[in-house]
Amino acid sequence: MSIVEECVKNSEKILIFSQYTETLDIMQTIFDKMTIKVPLFGNETYDKKLVLNQDYLRLDGKTSVSKRERLVNAFNNESS
């Protein structure tokens with residue numbers, strides 16, 4: 001997960017595609033348990049927990065059309 005950690009540390013967006021919802025389930029479990037040391041000033045860091053619908057979004061075949069549109073717009077419009 002080092003790519004995800006680096007993106008979070010640098011306030012970058014990341015988009016992950018999968019053909020299988022089982023893979024998305026695994027990724028969500030990993031994200032929910034993940035703690036990332038994010039740099040502050042100098043050598044100081046803080047522990048960042050990833051939170052669904054705050055730090056990451058999930059969109060799959062069960063997502064309604066209206067929610068899908070909101071999630072896509074939020075991802076595209078939110079500044080990194």
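The values are calculated or read from the model by the stated rules, or taken from the named source; none is laboratory data. Owing to the predicted nature of the structure, the values given are computational and were not obtained by experimental measurement. Glycine gets a Cβ as well: all are built from the backbone with ideal geometry, and neighbour counts include every protein chain shown.
A few comments on the model shown:
- Residues of region 13-72 that are of a type in the set (Phe, Trp, Tyr) and within 13 Å of the chain's Cα centre (by Cα): 17, 31, 56.
- Of all residues in region 1-17, those satisfying the criterion of being in contact (Cβ under 8 Å) with a residue 24 or more places away in the chain, within 18 Å of residue 58 (Cβ to Cβ) and either exposed (fewer than 12 other Cβ atoms within 10 Å of the Cβ) or in contact with a helix residue (DSSP H, G or I) (Cβ under 8 Å, 6 or more places away or on another chain) (or both) are 1, 4, 13, 15.
- In region 18-58, the residue that is modelled with the lowest pLDDT out of those that are outside any helix (DSSP H, G or I), loosely packed, with under 13 Cβ neighbours inside 10 Å and hydrophobic (A, V, I, L, M, F, W, C) is 41.
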